[in-house]
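One structure is given below, encoded as structure tokens.
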Amino acid sequence: MLIPVGLEIEVVPFHPQLVVTDDVAITDVTTLPGLLPVLILVLAGVLIAGVWIGVIVHRRRVVAKASTALVRLSGLNSTYASQVVTLPPIHLHFADAVSSKAKFDRYDLTALMLRSVLEQEHSIQAEIGARNAATNHYVEYQREVQQLVVSSLGRSLHPHVSAERFEKIEARLFKRRQMSFPTPTANIRSTVRYTSPQGRNSYSGTLNWDFDELRRGLAAARMERDRQSTAQYLRQRERSLMTPKVRSDILRRDGYRCQMCGATSREGAQLHIDHILPVSHGGTTTPNNLQALCQPCNLGKSNRFVG
């Protein structure tokens, strides 16, 4: 290249500058050489971590195949897989409404809950039974797991894994691979509401039961129903034994006189045959538990025991 005489040329060194395009900053390329060691360290760390994870996974596979306890636990899990199942929660909602604030204040939500579960007794019992069965199977499963712990855990080895490391890995895997407890759950709610006639005020009350409360509540409702049924049967039976002959015998024995006030049939008293210990309290229709009473005394005594 020809340069004219007398023309001076200044050589300016090139320095990369920070370039900004559309408000986006591009880092000075001169900083890249300084980042290279950092990038190498990061990549090396990732590579080492990947290798280490691979070693851990490989050891677990080796232990899982060589461990008699883990192999037997896998078979036990397969046996109980369809029996130890966590079922979805039982959801029930019972509601009632009352016509006055006084009734709302006196309302017994427990009684509503007991009545309602009895109305759906069979379906609720089936749901409870399915969940109880799962928990019972889990108890059996855990019993067999403990037998495996005693008979097999810690008794296997592998030539490529030290005995101490093998035992630790085996114990961790054995614990992790056990089936979870099938916790039964329920959300049972009873609600009572009252809204004033003008709609200005609204009140609501709620009672919630979980699974255990549902189970106990259904059992209590059944017991109360059976008790009432038994008491009603006994009352009907005892009253059926009150024949005209029994009435006549008791009136004659008591001299046709009220055993409380002394009024007699001659004086116009209307006499009744009363159970001294009421039938509702377990009294029987036998002569030693029967007495003649006038109508006022009998009505006053009601079903109370007057010794």
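Just so you know, all these numbers are worked out from the coordinates, no wet-lab data involved. All figures in this text were calculated on a predicted structure; none of them were measured in a lab. Heads up, the Cβs are rebuilt from the backbone with ideal geometry, glycines too, and the neighbour counts pull from every protein chain shown.
For this structure, a couple of remarks:
- In plain terms, the residue of 145, 57, 71 with the fewest other Cβ atoms within 10 Å comes first and the most crowded comes last, giving 57, 71, 145.
- Seen against the Cα atoms of the chain and their longest principal axis, helix 244-253 is set at about 60 degrees.
- Given (i) 65; (ii) 29; (iii) 16, the label whose value is percent of Cα pairs over 37 Å apart derived from this model: (i)
- Between helix 211-240 and the chain: long-axis angle, C-alpha atoms, 0 to 90°, nearest 10: 10
- Potential lengthening between residue 180 and residue 216 on full extension [0.36 nm per residue; Cα-Cα distance subtracted]: 10.5 nm
- Spin-label zone in segment 164-197 - amide nitrogen under 16 Å from a point set 7 Å from the Cα of residue 79 along the C-beta vector: 178-179
- Positive-end ranking of 41, 51, 82 along the dipole of the chain, with charges on Cβ about the Cα centre, is headed by 82.
- The modelled label-to-label distance for the pair residue 150/residue 295, using points 7 Å beyond Cα in the direction of Cβ, is 7.8 nm.
- When the chain is treated as a Gaussian network with alpha carbon springs shorter than 10 Å, the biggest mean-square fluctuation among 236, 198, 291 belongs to 198.
- Note on the chain: GNM, Cα springs under 10 Å; of 285, 135, 183, the largest mean-square fluctuation is that of 285.
- Taking other residues whose beta carbon is less than 13 angstrom from the beta carbon of residue 242, and scoring Lys, Arg as +1 and Asp, Glu as -1, yields +2.
- Partner lysines whose Cα lies under 25 Å from the Cα of residue 175, excluding those fewer than 8 positions away in the same chain, are identified as 65.
- Which of 292, 152, 137, positive extreme of dipole for the chain (C-beta unit charges): 292
- The C-alpha atoms of the chain define a longest principal axis, and helix 163-176 lies at about 50 degrees to it.
- Of the residues 179, 260, 223, the one that moves most in a GNM of the chain with alpha-carbon contacts below 10 Å is 260.
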